[in-house]
Amino acid sequence: MNLHEYQGKEVLNSFGVTIQRGIVAHTPEEAVAAAKKLTQETGTGWHVIKAQVHAGGRGKGGGVKLAKNLDQVKSIANDIIGMNLITPQTSAEGKKVHQVLVAEDVYYPGDSEPEEYYISVLLNRVTGKNMVMYSTEGGMDIETVAEETPHLIFHEEIDPSTGLLPFQARKVAFNLGLSGMAFKQMTKFVTALVKAYESSDSSMFEINPVLKTSDDKIIAVDAKVSIDDNALYRHKDYEAMRDLREENPVEVEARAVGLNYVDLDGNVGCMVNGAGLAMATMDLIKQAGGEPANFLDVGGTADAERVEAAFNLILKDPAVKAILVNIFGGIVRCDRVAQGIVDAYKNMGTIKVPIIVRLQGTNADIAKELIDNSGLDVQSAIEFQEAADKVQAVLG
């Protein structure tokens, strides 16, 4: 589950990570009130107005602007709220902005120039350990840094038996070229950041940029936070932060009926029981010359109601040219699934795309008879290759 910047900063701040202070606003008037309050609390005269959407690169699309007075705060907020913000991480249509973050200006003058760094905490899937990834090239796309100057990206792996050790936090500060007060502030910042990541059951924290101010404070100016969905039962307060307006509506609908669904860009819909079989089915579709339109795991209780809900989800995608149902009957009986498919087909009326059904396992022979004798335009298959051939045939 992704969080907005202001929500991510709330999580960080609750674990002692120093953040750029800000107040969320839903109207230009609220933005002005927020700016006035920040001025009273922080003394800042300038404010940064930031669009709150689940996408990076907001500044490139005009979603982050500096306001030097209250009139500009109102004008900029009025321009950003309600706009369709297009960034390198959105579709061509962009994302509608419903709210902005009015933040304090932390790039104030001083004895030294502010400096920007990149720091993230995430899982290294190769080693199975969490790691801190960081660079002196803050404010830039990390992909660009990795491609053009990979020697400027550093990694610090975290042993799960010990957690982040003090010398590792100091090493981060040293590699970023810090000294004195900034060095001490960075070690505290990194330690608190890792604690926040682990305690919140997150899958990624990305702070870009982390700012060293002109008076050597270390501040999270941005915050991209993703919470592991599987751990949300332990964090009801984070679950309440979910913004369904920012999520794929079909995936939201699937979650509401208890189906594991991920929307993809393809032409063959998949309905499978079990994540591993679902991945193998997607490979099968590609080998047959198609592209999977979704990942859909119906689980072990594939009754008529659940199957019908799955069909409805798949058919919401106009790009779907065929549907492959691939069920292994272990816990669930194949004949029960087959009857669910027949009942769902009848309940839904005419389905205009071909359906290939492969059922293997408990009562698979009975299931094939049910499908073949249903009188419906549903093709049955026994073997993987047979299913692939039928997918290839219907795609032409």
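The values are calculated or read from the model by the stated rules, or taken from the named source; none is laboratory data. Just so it is clear, the model here is predicted, and its values are computed rather than measured. Here the Cβ is made from the backbone with ideal geometry for all residues, glycine too, and neighbour counts use every protein chain on show.
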**Request:** Give the stretch 18-54 a look and list any residue that's touching a residue at least 60 places away in the same chain (Cβ under 8 Å) and basic (K, R), or say none.
**Result:** R21
**Prompt:** Among the residues of the stretch 32-48, is there at least one that is among the basic types (K, R) and surrounded by 16 or more Cβ atoms within 10 Å (Cβ to Cβ)?
**Reply:** no
**Prompt:** When you go through A256, A288, A293, A280 one by one, which is the residue that is out of contact with any strand residue (DSSP E or B) (no Cβ under 6 Å at 6 or more places or on another chain), outside the structural domain of K9 (by TED's automatic domain parsing) and closer than 18 Å to K316 by Cα?
**Reply:** A256
**Complete:** Listed by range, helices (runs of 4 or more DSSP H) wholly within the stretch 231-296 having at least 3 residues that are within 23 Å of S200 (Cα to Cα) are 236-239
**Request:** Among the residues of the stretch 192-219, count how many are more than 16 Å from the chain's Cα centre (by Cα) and either part of a helix (DSSP H, G or I) or closer than 23 Å to T90 by Cβ (or both).
**Result:** 9
**Asked** Residue check, S112 against (1) surrounded by fewer than 18 Cβ atoms within 10 Å (Cβ to Cβ); (2) at pLDDT 95 or above; (3) not assigned by TED's automatic domain parsing to the domain that holds E30, all met but one. Which one?
**Response** (2)
**Asked** Given V357, V353, V320, which one is buried (at least 20 other Cβ atoms within 10 Å of the Cβ) and not small (G, A, S)?
**Response** V357
**Asked** Mind checking whether some residue in the stretch 132-150 is at pLDDT below 95 and in contact with a Gly (Cβ under 8 Å, 6 or more places away or on another chain)?
**Response** yes
